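Here's the structure, in structure tokens; my notes come after.
The values are calculated or read from the model by the stated rules, or taken from the named source; none is laboratory data. Since this is a predicted model, take the numbers as computed values, not measurements. Virtual Cβ from ideal backbone geometry, glycine too; neighbours counted across all protein chains shown.
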Amino acid sequence: MPTIFPREEKAEQLFEKILKNPDACERLKETFFDNLPDVDNPEADTRDVTGVTFTRALFQAYENKDLSAFLMAVCGNSMFDLLRNSFLIPIRFNDKGKTNPILLTDETGGLRKDIGIHVPEKTYQKFLKIYKNKEQIPQVEEYLAYGFREAHQYDEAGTAVESVEIGQHLGVLLLYRMPEEIKEHLTDAEIYVHVWDALMRVQDVLPRAFMYYGEMECGGQKSAAGELGIFLPMSRFGEKMERNIELANGIALGVREEMEAYGTKFEK
């Protein structure tokens, strides 16, 4: 797809010269923000990025047609960070080798040892009460867990990208194991469509709940078709957690049934 504007000749040399001049970088940054629509908080954190970092990101985005490079400098999010942190796409279990969520309890509700995360006694006792009264549903597990979202930022030199944990929470993780038959009848793309539909339904009734998907080891086993996870932070959903769990179960189990029905209807 062609760009909207023709690419300038010798742009790289021009960018290099401007990058060597911090005052020029600051002027470019100020011009950019001066031409943004008015916002409620003109002193927002986006203005704290250095002029050199801002300018380097802007030029790299232009040269490489990489919008995420620019967005990271301006708002600390890549394109897909923005989508995930707007709760518009699910989070893959343990994405890029980083454990997320972290299970803080075992299959019996007991607190795991040496987890490296402080769990207040009040929080654990609240979870334990919920766990002991939970509805027994096949292929559904409940855990106290630590979950987070991610943003990205440039290092101090402005040349490397670092991941940053944001939105850290302790909460109840509902883990729904998908029947292996689903994998036999649905492609990964079809499964993802159903997962995305589930996320939108969850956000309608449980806004800002996390949703995970993919393969996660649970009880020493992995499901061939993977799992679906709904994470309800205590700080947001704790007051009516039992009712919120019922809502989440209704959505996830309904989507699981829809996936099974969708796959089997194409059987010969």
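Quick notes on this one:
- Among the residues making up the stretch 115-139, those that are assigned to a loop (DSSP other than H, G, I, E, B), surrounded by 13 or more Cβ atoms within 10 Å (Cβ to Cβ) and over 26 Å from the mean Cα position of the chain (by Cα) are Lys134, Ile137.
- Counting only helices (runs of 4 or more DSSP H) that sit wholly inside the stretch 140-254, those with at least 1 residues that are among the polar types (S, T, N, Q) and out of contact with any Gly (no Cβ under 9 Å at 6 or more places or on another chain) are 188-205.
- Of Thr55, Thr3, all but one fail to be modelled with pLDDT under 80 and outside the structural domain of Ala151 (by TED's automatic domain parsing); the exception is Thr3.
- Leading residue by the ranking (nearest to Phe210 (Cα to Cα)) among those in the stretch 235-247 that are touching a helix residue (DSSP H, G or I) at 6+ places or on another chain (Cβ under 6 Å) and hydrophobic (A, V, I, L, M, F, W, C): Phe237
- Selection from the stretch 95-105 of residues that are in contact (Cβ under 8 Å) with a residue 24 or more places away in the chain and either part of a loop (DSSP other than H, G, I, E, B) or touching an Asp or Glu at 6+ places or on another chain (Cβ under 7 Å) (or both): Lys98, Asn100, Pro101, Leu104
- Residue count, the stretch 99-145 (criterion: under 14 Å from Val172 (Cβ atoms) and of a type in the set (Gly, Ala, Ser)): 2
- Set Glu165, Glu180: member being in contact (Cβ under 8 Å) with a residue 12 or more places away in the chain, loosely packed, with under 14 Cβ neighbours inside 10 Å and within 22 Å of Lys98 (Cα to Cα): Glu165
- Leading residue by the ranking (nearest to Gln60 (Cα to Cα)) among those in the stretch 150-162 that are small (Gly, Ala, Ser) and surrounded by 14 or more Cβ atoms within 10 Å (Cβ to Cβ): Gly158
- Any hit, the stretch 32-40, residues being at pLDDT below 60 and surrounded by 10 or more Cβ atoms within 10 Å (Cβ to Cβ): yes
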